[in-house]
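Novice: Pasting in a structure now, in structure tokens, and then I'll have a few things to ask.
The values are calculated or read from the model by the stated rules, or taken from the named source; none is laboratory data. Model, not experiment: these values are computed from the prediction. When we count neighbours, we look across all protein chains shown, and the Cβ atoms used for this are built from the backbone with ideal geometry, even at glycine. Just the protein is used for accessible areas: all its heavy atoms, side chains included, with ligands, DNA and RNA removed. Shrake-Rupley method; radii C 1.70, N 1.55, O 1.52, S 1.80 Å.
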Amino acid sequence: MTNITYFGHACFLIEFGGKKLLFDPFITGNDLCKDIDINQIDADYILLTHGHQDHVLDAEAIAKNTNATIISNFEIVSWYEGKGISGHPMNHGGKFQFDFGTVKYVSAIHSSVLPDGTYGGNPGGFVIWNDQSCFYMAGDTALTYDMKLIPVLCPKLSWAALPIGDNFTMGIEEAIMASSFIECKHIIGCHYDTFPIIEIDRNTAQTAFESEGIDLKLPKVGETITL
Ligand code: NI
Ligand code: MN
């Protein structure tokens, strides 16, 4: 079982293989995260799906606090290395065995630029596994047929975090289709409610997933769930 703490938007802290993996930290800029103190967050690795501010805002501060290693695409890791932060660069289709498990960097249909305008490479998602569990962190993405490669190339998914807020990413209907493409029935919704244009009705989302036999979890900010 994996402990997963939600820090709003697309930010998760996941305890995996004895390490703490922090994804897409955007906390100090998120009104819904007023009660979260980034100085209390411990991380061994910070995984960034793409360069947008709403995914990287607090990465530098947390990396410097914790000495965490950044895992992302080559361009984003290079940008952080210029700030004195160590990283492990990847690119699409590649996988690497870390001390907590295997990470595969997979496709996302989106865009990616760093907050100062530096080119942020191509956006991605992560599939991460060890002999206990396998999960997919989709990042910001449209529904894409590339998702069908995940069950072909990776172990069976235990769970996945998918964006459901629409406008910038998939909405609810397409996230349900994505769940089918990736052959996974345990989904955590993210990338919703942070801004007015991605507000959703939680009940509508729950009902829509349930009607397709998919368990949708929508943890509260700061809540830890186990999957
Ligand atoms: Ni984005
Ligand atoms: Mn985003």
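Novice: Given the conditions (1) under 21 Å from Ile128 (Cα atoms); (2) surrounded by fewer than 18 Cβ atoms within 10 Å (Cβ to Cβ); (3) of a type in the set (S, T, N, Q), which single one is not true for Thr49?
Specialist: Failed condition: (2).
Novice: Right, next: So which residues in region 194-223 are open to solvent by less than 60 Å² (accessible area, probe 1.4 Å) and of a type in the set (Asp, Glu), if there are any at all?
Specialist: The answer is Asp215, and nothing else.
Novice: Say whether the condition of being buried (at least 19 other Cβ atoms within 10 Å of the Cβ) and within 16 Å of ligand 1 (Cβ to nearest atom) is met by at least one residue in region 60-69.
Specialist: no
Novice: Can you pull out every residue in region 36-71 that is out of contact with any helix residue (DSSP H, G or I) (no Cβ under 6 Å at 6 or more places or on another chain), within 16 Å of ligand 2 (Cβ to nearest atom) and either among the hydrophobic types (A, V, I, L, M, F, W, C) or not in a loop (DSSP other than H, G, I, E, B) (or both)?
Specialist: Those that are out of contact with any helix residue (DSSP H, G or I) (no Cβ under 6 Å at 6 or more places or on another chain), within 16 Å of ligand 2 (Cβ to nearest atom) and either among the hydrophobic types (A, V, I, L, M, F, W, C) or not in a loop (DSSP other than H, G, I, E, B) (or both): Leu47, Gln53, Asp54, His55, Val56, Leu57, Ala59.
Novice: Using beta carbons and a limit of 8 Å, which pairs, at least six apart or on different chains, have the first residue in region 175-192 and more than 14 Å from Thr207 (Cα to Cα) and within 16 Å of ligand 2 (Cβ to nearest atom) and the second one assigned to a loop (DSSP other than H, G, I, E, B) and of a type in the set (Val, Ile, Thr)?
Specialist: Cys190/Ile164; His191/Ile164; His191/Thr169; Tyr192/Ile164; Tyr192/Ile200
Novice: Could you identify the single residue in Phe96, Phe126 that is crowded, with 22+ Cβ neighbours inside 10 Å and outside any helix (DSSP H, G or I)?
Specialist: Details: Phe96 fails: crowded, with 22+ Cβ neighbours inside 10 Å.
Result of the check over Phe96, Phe126: Phe126.
Novice: Looking at this structure, is Thr28 hydroxyl-bearing (Ser, Thr, Tyr), assigned to a loop (DSSP other than H, G, I, E, B) and surrounded by fewer than 22 Cβ atoms within 10 Å (Cβ to Cβ)?
Specialist: On the way: hydroxyl-bearing (Ser, Thr, Tyr): yes; assigned to a loop (DSSP other than H, G, I, E, B): yes; surrounded by fewer than 22 Cβ atoms within 10 Å (Cβ to Cβ): yes.
It is true that Thr28 is hydroxyl-bearing (Ser, Thr, Tyr), assigned to a loop (DSSP other than H, G, I, E, B) and surrounded by fewer than 22 Cβ atoms within 10 Å (Cβ to Cβ).
Novice: Then there's this: Can you name every residue in region 177-193 that is under 17 Å from the mean Cα position of the chain (by Cα) and either surrounded by fewer than 17 Cβ atoms within 10 Å (Cβ to Cβ) or outside any loop (DSSP other than H, G, I, E, B) (or both)? Write out each step before concluding.
Specialist: The initial filter retains those residues of region 177-193 that are under 17 Å from the mean Cα position of the chain (by Cα), namely 178-179, 182, 184, 186-193.
Once the filter is applied, which keeps residues that are under 17 Å from the mean Cα position of the chain (by Cα) and either surrounded by fewer than 17 Cβ atoms within 10 Å (Cβ to Cβ) or outside any loop (DSSP other than H, G, I, E, B) (or both), region 177-193 yields Ala178, Ser179, His186, Ile187, Ile188, Gly189, Cys190.
Novice: If I ask for residues that are surrounded by fewer than 19 Cβ atoms within 10 Å (Cβ to Cβ) and either assigned to a loop (DSSP other than H, G, I, E, B) or within 16 Å of ligand 2 (Cβ to nearest atom) (or both), which ones from region 101-113 would you list?
Specialist: Residues satisfying the conditions are Ile109, Ser111, Val113.
Novice: Checking Asp140 against (1) acidic (Asp, Glu); (2) more than 13 Å from the chain's Cα centre (by Cα); (3) within 26 Å of Leu157 (Cα to Cα), which single condition isn't satisfied?
Specialist: If we test Asp140 against (1) acidic (Asp, Glu); (2) more than 13 Å from the chain's Cα centre (by Cα); (3) within 26 Å of Leu157 (Cα to Cα), just (2) comes out false.
Novice: So for region 164-172 (the condition being over 15 Å from Lys217 (Cα atoms), open to solvent by less than 10 Å² (accessible area, probe 1.4 Å) and part of a helix (DSSP H, G or I)), does at least one residue qualify?
Specialist: Taking every residue of region 164-172 in turn, none turns out to be over 15 Å from Lys217 (Cα atoms), open to solvent by less than 10 Å² (accessible area, probe 1.4 Å) and part of a helix (DSSP H, G or I).
Novice: What residue, among those in region 129-149 that are assigned to a helix (DSSP H, G or I) and either open to solvent by 10 Å² or more (accessible area, probe 1.4 Å) or among the basic types (Lys, Arg) (or both), is nearest to ligand 1 (Cβ to nearest atom)?
Specialist: So in region 129-149, the residues assigned to a helix (DSSP H, G or I) come out as 145-149.
If we keep only those that are either open to solvent by 10 Å² or more (accessible area, probe 1.4 Å) or among the basic types (Lys, Arg) (or both) as well, we get 145-146, 148-149.
On the way: Tyr145: 20, Asp146: 17, Lys148: 23, Leu149: 22 Å.
Selected residue: Asp146.
Novice: Under 18 Å from Asn91 (Cβ atoms), over 15 Å from the mean Cα position of the chain (by Cα) and among the small types (Gly, Ala, Ser): does that describe Gly121? Before the answer, list the steps.
Specialist: Details: under 18 Å from Asn91 (Cβ atoms): yes; over 15 Å from the mean Cα position of the chain (by Cα): yes; among the small types (Gly, Ala, Ser): yes.
In short, yes.
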